[in-house]
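Here's the structure, in structure tokens; my notes come after.
The values are calculated or read from the model by the stated rules, or taken from the named source; none is laboratory data. Not measured: the values here are computed from a predicted model. Here the Cβ positions follow ideal geometry from the backbone for every residue, glycine too, while neighbour counts run over all protein chains shown. To get the accessible areas, we keep the full protein, side chains included, count just its heavy atoms, and leave off ligands, DNA and RNA. Shrake-Rupley method; radii C 1.70, N 1.55, O 1.52, S 1.80 Å.
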Amino acid sequence: MVLPSTGRPINNTKPIKKMEDYQQRVIDEKNELDEKIAGLSKFLGNVNQVPSDERVRMHTQLGLMEQYSLVLGQRIEAFS
């Protein structure tokens, strides 16, 4: 049997923990951040009208957002 919310198999020897409110907030934050990352990535793929120094800052921002998303993902993995 598979747990619908995660797609992971249910381990009958281990009780399923109720998710804490802060854990759901972390998941929501990562989902929102990943949408912003996708939007900025798409924008940067078609951004010839923006001055080059601004494009550099935007690429820096994108890299930092991706690192932040990775950390949030690690936190989420640790919830289980």
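If you go through region 23-41 and keep only what is of a type outside the set (A, V, I, L, M) and in contact (Cβ under 8 Å) with a residue 40 or more places away in the chain, you end up with 23, 29, 30. Taken over region 43-80, the residue count meeting the criterion of being within 27 Å of residue 21 (Cβ to Cβ) and open to solvent by less than 70 Å² (accessible area, probe 1.4 Å) is 6. Under the condition of being among the aliphatic types (A, V, I, L, M) and either in contact with a Pro (Cβ under 6 Å, 6 or more places away or on another chain) or loosely packed, with under 13 Cβ neighbours inside 10 Å (or both), the residues counted in region 26-42 number 1.
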